[in-house]
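K.L.:
First the structure, then my questions, so here it is.
The values are calculated or read from the model by the stated rules, or taken from the named source; none is laboratory data. In this text the structure is predicted, and so the values were computed from the model without any measurement. Note that each Cβ is placed from the backbone with ideal geometry, even for glycine, and that neighbours are counted across all protein chains shown. Heavy atoms of the whole protein, side chains included, go into the accessibility calculation; ligands, DNA and RNA do not. Shrake-Rupley method; radii C 1.70, N 1.55, O 1.52, S 1.80 Å.
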Amino acid sequence: MITLETSDFMKGKKHLRRNKYNIAISILFFIVCYYLYQQGYMNVVNKDSTFHQSLLTVNTIFLGFLFTALGIMVGFASKSLIKALDVAGYMDNYYNSIYFGMFFHGVSTVISTIAVVLGHELIKDEVIILQQITLLGGVLFFIKSILGILKIISEIRNDINK
């Protein structure tokens with residue numbers, strides 16, 4: 001029999017609360033994507049192999065930047081202020097923004113790679129729409145990640161100037 005301790009429940013509750021902005025942005029993002037899809041802005045018309053190669057390039061560039069951002073975050077972990085915030089769980093929001101962006105760009109990269117290697121004719125229309133949605137989601141969380149890193153840099157500079 002599986003039992004949940006109160007502390008496990010509270011950890012889950014804290015994790016959700018600390019990521020409320022990522023969750024809210026994701027929900028809003030999917031609502032906007034659904035609207036754009038319904039209005040015909042996300043389509044499969046004129047999506048040839050050049051389109052997929054271009055998306056592959058864009059996605060890998062954003063993935064590289066997100067990996068760099070993650071490296072910057074790890075470098076910040078040695079600062080006492082950041083250590084205290086991380087132990088308290090307040091850095092989760094920043095790390096998870098990077099992870100969300102990496103996930104979205106990763107999915108779009110895989111779809112683009114399959115389309116380039118196997119031929120775009122073999123990719124179903126729904127998958128091409130998913131490719132476009134995940135690219136947009138990746139860009140959205142890339143922007144959120146950069147804003148988060150800028151905020152952390154500001155906090156570190158303020159801590160140093162004290």
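K.L.:
So how exposed is LYS151, as accessible area in Å² (1.4 Å probe, rounded to 10)?
P.N.:
Here the residue's solvent-accessible area equals roughly 110 Å².
K.L.:
Loop-only chymotrypsin sites (Phe, Trp or Tyr not before Pro) in region 83-162, please: DSSP not H, G, I, E or B, and at most 15 other Cβ atoms within 10 Å.
P.N.:
Answer in residue order: TYR90.
K.L.:
With θ set to phi - 60°, apply the Karplus curve 6.51 cos²θ - 1.76 cosθ + 1.60 along region 81-96 and write out the HN-Hα couplings as whole Hz, x wherever there is a Gly or Pro.
P.N.:
So the Karplus estimates, Gly and Pro as x, are 5, 5, 4, 5, 5, 5, 4, 6, x, 7, 8, 3, 4, 6, 4, 5 Hz.
K.L.:
With every protein chain left in place, what is the accessible area of SER154 in Å² (1.4 Å probe, nearest 10)?
P.N.:
Only protein atoms counted, so the area is about 50 Å².
K.L.:
Over every pair of different alpha-carbon atoms in the chain, take the mean of 1/r and invert it; report that Kirkwood radius in Å.
P.N.:
Every distinct Cα pair counted, the radius reaches 17.7 Å.
K.L.:
For region 24-97, just say rounded, prolate or oblate: build the C-alpha gyration tensor, square-root its eigenvalues into a ≥ b ≥ c, call rounded for a/c under 1.5, and beyond that prolate if a/b exceeds b/c, oblate if not.
P.N.:
Note, shape of region 24-97 comes out oblate.
K.L.:
Further question on the same structure: Quick check on the chain: helices-only [θ] at 222 nm, where DSSP H runs of length 4 and up contribute -39,500 (n - 2.57) each and the sum goes over total residues. Nearest 500, please. Let's see the in-between values first.
P.N.:
Details: 6 runs with 131 residues, N = 162.
Dividing the helical sum by the residues of the chain leaves -28000 deg cm²/dmol.
K.L.:
Do any of LYS47/LYS144; LYS79/LYS151; LYS20/LYS79 go past 21 Å between their Cα atoms, and which?
P.N.:
Pairs exceeding 21 Å: LYS47/LYS144; LYS20/LYS79.
K.L.:
Solvent-accessible area of ILE153, probe 1.4 Å, all protein chains present, reported in Å² to the nearest ten, please.
P.N.:
Accessible area, nearest 10 Å²: 70 Å².
K.L.:
What number comes out for accessible area per residue over region 1-160 if the probe is 1.4 Å? Units Å², please. Spell out each step's value before the answer.
P.N.:
Working: 9970 Å² over 160 residues.
With all protein chains present, region 1-160 gives 62 Å² per residue.
K.L.:
Report, to the nearest whole %, how much of the accessible area of region 1-154 belongs to carbon and sulfur atoms, 1.4 Å probe, protein only. Let's see the in-between values first.
P.N.:
Working: 6540 of 9450 Å².
Whole-percent figure for carbon plus sulfur exposure: 69.
K.L.:
Right, something else. In whole Å, what is the distance between the alpha-carbon centres of region 46-60 and region 76-147?
P.N.:
17 Å
K.L.:
Roughly how many nanometres apart are two label points built 7 Å out from the Cα toward the Cβ at GLN53 and LYS151?
P.N.:
4.0 nm
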